[in-house]
Each structure stands twice: as C-alpha cells, then as structure tokens.
C-alpha cells in the first residue's frame, strides 16, 4: 500500500514539475517575442531618419524609398497576439522590410557624397547595432521555442501541454527562401 | 585617427621585433646606459648580501644545531639528524640574508628595463601590478577559490585603439598547514568600443550536475544556451541579459574564442564581460618576466631577449582576444 502511495506521489510530483516547466517555457517564448519587438521598434524608429537623409541625395531612387516607407508601415501594423500564424506573418513582414533596407544600403554605395555624409554614417552605425540586437533577440527566441517544443513533445509533454494552455507550437524564426540563395558575385563584379 | 569613408577602422597590429639572431647584442647596446647602472646596483646588492651572509649563515647553522640538541636531549646523539637541522638552518639563514635584497634588485631591474622593451611594441609600458577585482572574478566562477594572491607584473597601453592591461597572477589556497597553487597565468582587461547590456561570464562546463548546482548558486544571472555544440561542450555561459549576451556571443565569437586555447603554452581561456570591459583569464604554467638573478651579470642579452619574448607572448594573447571582439562587429 505504501509502495503504491509512494509511486503515485512521485508520478504526481514529476507531472507537476513538468507542467510548471511547460508554463515557464511558454512564458519565456512570450518574453523572447517581446524582446524581438523592442528591437524591431528601434529599427522602425530609425527608418524615417534614414530616409530623410537619403532623400537629400538619392532623387532617382524614389521607388525604393517609397517601398521602404510602405514596408515599414506594414511591419508596424498591429496583429492579434498568441497565434503561430500571426507570429509567422509578423516575421515575414519584417523580413521584407529588412530586405528593402538592405537594398537601400547597397544603393547608398553608389552615392559617394551620401556615403561620406556624417549623419548618414551615424545612422548606418545605429542601424547596424540594432540589426545585431535583432539577430541576438531572434536567437534567444529560437532557443526558447526549442526548449518549449522539447518539453511539449517529449512524453508526458503532449498530455500536459493542453493543461498548460499550449495548444499550438510557435514557429521558429527562419529566413525566407530568397535570402538563402547563394550570392552570385558576378552580378556585383560586372 | 580619422576613419575612411567605408567606416572601417584600418588594422594596425603591433610589429613583432626583428629575428633574434643578433637581437641579444642589439638589446644590450640599446639598453647599455641602463644596464651599466643596474650592474652597479647589482654590485652593491652583492656586497650587502655577502655581509648579511657572514651574519645569518652562522646564525642559521647555530640555530639548527641548538634545535637538534634540545630535540635530542636525553637521547643518544643522532649525527645525521643534527647535520640535517644544521643544513636547514643554513638554508633558512641564506634566504634571510638574500631574500629582501634579491627581491629589491629584481623589481629594480624590471622597473628599469621592461618599460623600454614594452615601448618597442607600441603604446605600452610596464609597471608593478595593480590588482584586478579578484573577488568579483571568483564570485563569477572565472577564477577558482583562493586565499592568497600574488601579482608582480603588469603591461598597460593601447592596442588597436583599445586600452589594455595584462597582469601576471598567481593564486593559492591554504588548506590546513599546506598551501596549494590553484591558478597561474594572465589576466587581461580590455576596453571594448561599446557597452554590453548586463554581465556575461564564460566559465568551464561542469557537467550536468556541476552546471545544475552552479545555476542555483548564481544570483541575478541565468544560463545562456548557445547554438555551437563545440562551444557548449567546453563552456557554460551565464548572463543577466539573454539578448545582450547573444549580441556579443555570435557564432564567429565562439569559434575564435575556442581557437585561443590553441595558443602555445596557454590553457583554456575564460572571460567576464561587464559594461565596456572584457576580462580574459588565460591559465599558463611557468613564470613570465623573470630578470637575471643578482648572481648573474645585468648585461645579459639572452635574458633581455627572453623578456622581450614574454612581452610578445602576452600581447599576442590580447591581439587574439581583440580579434574575438572584432568578429562580433565584422
């Protein structure tokens, strides 16, 4: 009788600790997503300044400058929180903005006056620092999602996940297929 | 130094000295006035030591004899034991006679010669060590528990625009009547060009149980899980800011950090980062910056070449540490 009670106690204890671990890791994913948002907001705040400086020199790049403005607006759009689909959409919108900013930085290289402009150099430095922090925040998010998935997929995780309110797994941050294509150096070297 | 329009700072590493073929005589000629003065100081030190030996050696032998005599009182005389104690007394007398003066001469030699040698490598100088915050490094798990600290030598200056300070340190711990050495090596403090959020401690991996226990002992920091399996197998990282730690510990950083342990003569490095300071701890057996003894001539080219090599060794390590930091900004 004592043995049965002891085993039952251990099972309940392990179950509770596992449940608590899932809750902790679910909250950690939320924290990591919040961390990414903080950095993305910093990037959004830098974009108008960057465009104002660029517009003074890049009169012939209106299409690109307009595209960056529109993509920024799309990336800033409020989305309901919590669903994996909305998280994936948000990542996709930010990837597009990132791509456009990358094309803008490449276009800047063709304008030596702009490239050596003091405010532009400062703006580029600020953007580079923000991009480093965004990459770090995404790595933290991926690590948190990995840990959450481990705890909800390894037995008895699948049973306890529903109790903990984890009904769908958040997506990993992954780059788009376009950014994974190897760079063709001949395009740039003429 | 103004930056070119690309925004990248040109690399200016220190220049290694010329090949050692005639380096010894070159250094002897260059430092001739200093070595001449030091030879005079050595002469005075020898005279003082000899006069002290005349007093302390016989005193030491007599002390040993008396100790053995009273120890054996009432028993048959043990000549071997008596000779042993007299010999120990002589050794004790020798150290009493030579120790303080020898130590003063060594520091004098280092303070005169090493600043000149260090300046050959760029904006560097030598000074008697200013102690880093050992207690903080111990609490963060970068240095082992210790009860005694010995630091003599420090190289300070600027390397590639970064303020650096390298201290040679020896730590020991007393357990009962015995003192055991727990660390010997270099502690390099490097000023970073930008601040890091929070603190980061890169400590040895302690296995599952060791890591589990360590994570409970730490206040205000948590484990940073990283993607590089080779790095994770060797190190554990603790930080107070998950994003800030990952902003510094990029895959390139981890790879270069692992490569530092392949430096000849050095063991696995550890690091602690706070604000705009990175402290690299490099365990290394053996001693650096050893001047010639008072028994040997001050004008010793081979000793000068070795001192120069020692400076080159420590700056090479800091160069590698700076490469690690630059990899996060490439």
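Applying the set (1) crowded, with 18+ Cβ neighbours inside 10 Å; (2) free of Cβ contacts under 8 Å to residues at least 60 places away in the same chain; (3) facing another protein chain (nearest Cβ under 10 Å) to residue A:98 leaves exactly one unmet item: (3). Evaluating residue A:136 against the criteria (1) surrounded by fewer than 17 Cβ atoms within 10 Å (Cβ to Cβ); (2) within 14 Å of chain B (Cβ to nearest Cβ); (3) closer than 30 Å to residue B:242 by Cα leaves one unmet condition, (1).
The set of residues in the range A:27-54 that are under 16 Å from residue A:115 (Cα atoms) and either surrounded by 13 or more Cβ atoms within 10 Å (Cβ to Cβ) or at pLDDT 90 or above (or both) comprises A:49, A:50, A:51, A:53, A:54.
A Cβ distance below 6 Å, combined with a sequence gap of six or more or placement on separate chains, defines the contacts here; from the range A:140-155, residues that are at the interface with chain B (Cβ under 9 Å from one of its Cβ atoms) reach residues that are at pLDDT below 90 in the pairs A:142/A:172; A:142/A:173. If you filter the range B:185-211 down to residues that are surrounded by fewer than 17 Cβ atoms within 10 Å (Cβ to Cβ) and under 21 Å from the mean Cα position of the chain (by Cα), you find that the one that is farthest from residue B:232 (Cα to Cα) is B:191. Of the residues making up the range B:224-236, those that are under 19 Å from residue A:145 (Cα atoms) and crowded, with 16+ Cβ neighbours inside 10 Å are B:224, B:225, B:226, B:228. Among the residues examined, residue B:320 does not qualify as more than 14 Å from chain A (Cβ to nearest Cβ), in contact (Cβ under 8 Å) with a residue 60 or more places away in the chain, surrounded by 22 or more Cβ atoms within 10 Å (Cβ to Cβ) and not in a loop (DSSP other than H, G, I, E, B). Across the range B:177-184, not a single residue is classified as within 14 Å of chain A (Cβ to nearest Cβ), modelled with pLDDT of 85 or more and touching a strand residue (DSSP E or B) at 6+ places or on another chain (Cβ under 9 Å).
One residue stands out in the range A:106-130 among those that are at the interface with chain B (Cβ under 10 Å from one of its Cβ atoms) and under 21 Å from the mean Cα position of the chain (by Cα): the one that is farthest from residue B:224 (Cα to Cα), namely A:124.
The values are calculated or read from the model by the stated rules, or taken from the named source; none is laboratory data. The structure presented is a predicted model; accordingly, all values stated were derived computationally and were not measured. Glycine gets a Cβ as well: all are built from the backbone with ideal geometry, and neighbour counts include every protein chain shown.
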